[in-house]
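Encoded as structure tokens, the structure appears first; notes follow it.
The values are calculated or read from the model by the stated rules, or taken from the named source; none is laboratory data. As the structure is a computational prediction, the values presented were derived from the model and not from experiment. For neighbour counting, all protein chains shown are included, and Cβ atoms are generated from backbone atoms with ideal geometry for every residue, glycine included.
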């Protein structure tokens, strides 16, 4: 899964759990501007960020 696919998917899952994008960025330890660049396909997360994003996705999909 690439960042432009993962980021919106994660945002939707978090929203369903009542979590804002700002809070999601904080939980992922990512600056909001970096988040937006990834969402647009302008750069890719580093390995540690990918791991955290996938953990959060699993967390929120499990909460949905």
Taking the condition of being more than 11 Å from the chain's Cα centre (by Cα) and under 14 Å from residue 1 (Cα atoms), how many residues in region 19-39 meet it? 0
Quick one: is residue 16 over 17 Å from residue 1 (Cβ atoms) and either at pLDDT below 95 or buried (at least 17 other Cβ atoms within 10 Å of the Cβ) (or both)? yes
Within region 21-52, how many residues are touching a helix residue (DSSP H, G or I) at 6+ places or on another chain (Cβ under 8 Å) and not in a helix (DSSP H, G or I)? 8
Residues located in region 7-18, provided they are within 12 Å of residue 59 (Cα to Cα) and in a loop (DSSP other than H, G, I, E, B): 17
